[in-house]
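The values are calculated or read from the model by the stated rules, or taken from the named source; none is laboratory data. Bear in mind the structure is a predicted one, so any value in this text is a computation, not a measurement. Cβ sites come from the backbone with ideal geometry, for glycine too, and all protein chains shown count toward neighbours.
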Amino acid sequence: MPPFAGLTPEAVVDAVESLGLACDGRVLALNSYENRVFRVGREDGPPVVAKFYRPGRWSEAQILEEHAFTEELFEEGLSVVPPLRLSGATLHRADGLRFALFPLQGGHAPEMDREEVLKALGETLGRLHAVGARRPFVHREAIAVEPLGWAALDTLLDGPWIEPALHAAFEDTGAALLDAVEAAFEAHPARARRLHGDLHPGNVLWREGRPHLVDFDDARGGPAVQDLWMLLDPEPRRRERQLEVLMAGYERFCEFDRGELPLIEALRALRIVHFHAWVARRWDDPAFPAAFPQFAERRHWERVLGEWREQLATMQEA
């Protein structure tokens, strides 16, 4: 049975009201594939956001560690949204699902071509990483080639997705790409710290003249550059300028090791391999075939193979 099959609007309201909040019946599904997230109206207060965690993805200890990290950042004055504490707890259960409630926050997409936006983002990340460096995660996973790369490649090679005519090419290219990733990590060892982990522009909202970071669901330990590279333009000259401005803000609060910069293409390679394995592992969730119908097309996998080869060439040139 799909993991969220019983999560009807009525079930969402019942879960929220089980915590003592009176709902007005308005439930709006928000965009989310990995988990299920809803805006829920209340009778006696502002709406809340209810996030139902995908079963089996994170342990309870891992979720609570993410919650504690966002609470710590919030207490340091960063614009993040920690979960609401109700009856002393941030994580709750309803009908076999774990869920948390968050205050609803607004904002709009940041204008990444504006220097003041980039500098403010750099300041926010510098403060975040200064907090993240205080101590490591105990339960959250770290960025590593084995789970995000080799295990992901095995998922694709062992499944029905890649047809036999392309299988050998995927196996060879994938192995070469991940070998290059491992070589990059060995050549450029970096200090691990607690990170946002998935900081692309879609997880940044601009509000009241400052960046607001959302969705810490992929919080991990790893090199600081992981929280920077997805904010940068792929074009080298634009990327260099953006990085200069980001660093002007970042290094007001935290030292940045520029020896991590060669890891950008390795981290990009891990992401593009892991992404397709993520979709494959979630195929029993009806939301995924609907969102990624191209998975059944040979043309899609030919494009993916070309992307992997291009990334391998980029890393070899670098």
> Among the residues of region 207-227, how many are in contact with a Phe, Trp or Tyr (Cβ under 9 Å, 6 or more places away or on another chain) and over 23 Å from residue 138 (Cα atoms)?
Replying inline: 1
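To keep it simple, each residue is scored yes or no on (1) in contact with a strand residue (DSSP E or B) (Cβ under 6 Å, 6 or more places away or on another chain); (2) modelled with pLDDT of 95 or more; (3) farther than 25 Å from residue 198 by Cβ.
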position	(1), (2), (3)
6	no, no, yes
11	no, yes, yes
19	yes, yes, yes
35	yes, yes, no
53	yes, yes, no
66	no, yes, no
71	no, yes, no
75	no, yes, no
79	yes, no, no
>> Condition (residue is surrounded by fewer than 20 Cβ atoms within 10 Å (Cβ to Cβ) and under 18 Å from residue 262 (Cβ atoms)) applied to region 214-232: is it met by at least one residue?
In response: yes
> So which residues in region 133-147 are in contact with a helix residue (DSSP H, G or I) (Cβ under 8 Å, 6 or more places away or on another chain) and not in a loop (DSSP other than H, G, I, E, B)?
Replying inline: 145
> Do you know which residues across region 268-298 are closer than 15 Å to residue 5 by Cβ, surrounded by 16 or more Cβ atoms within 10 Å (Cβ to Cβ) and of a type outside the set (D, E, K, R)?
Replying inline: 288
> of a type in the set (Gly, Ala, Ser) and either at pLDDT 95 or above or buried (at least 17 other Cβ atoms within 10 Å of the Cβ) (or both) - does that describe any residue in region 143-150?
Replying inline: yes
> Restricting to strands (runs of 3 or more DSSP E) lying wholly in region 25-123: which have 3 or more residues that are surrounded by 14 or more Cβ atoms within 10 Å (Cβ to Cβ) and of a type outside the set (S, T, N, Q)?
Replying inline: 36-42, 48-52, 97-103
> In the set 182, 171, which member is part of a helix (DSSP H, G or I), more than 24 Å from the chain's Cα centre (by Cα), without any contact (Cβ under 8 Å) to a residue 60 or more places away in the chain and assigned by TED's automatic domain parsing to the domain that holds residue 233?
Replying inline: 171
>> Being surrounded by 21 or more Cβ atoms within 10 Å (Cβ to Cβ), more than 22 Å from residue 262 (Cβ to Cβ) and at pLDDT 95 or above: is that true of residue 135 here?
In response: no
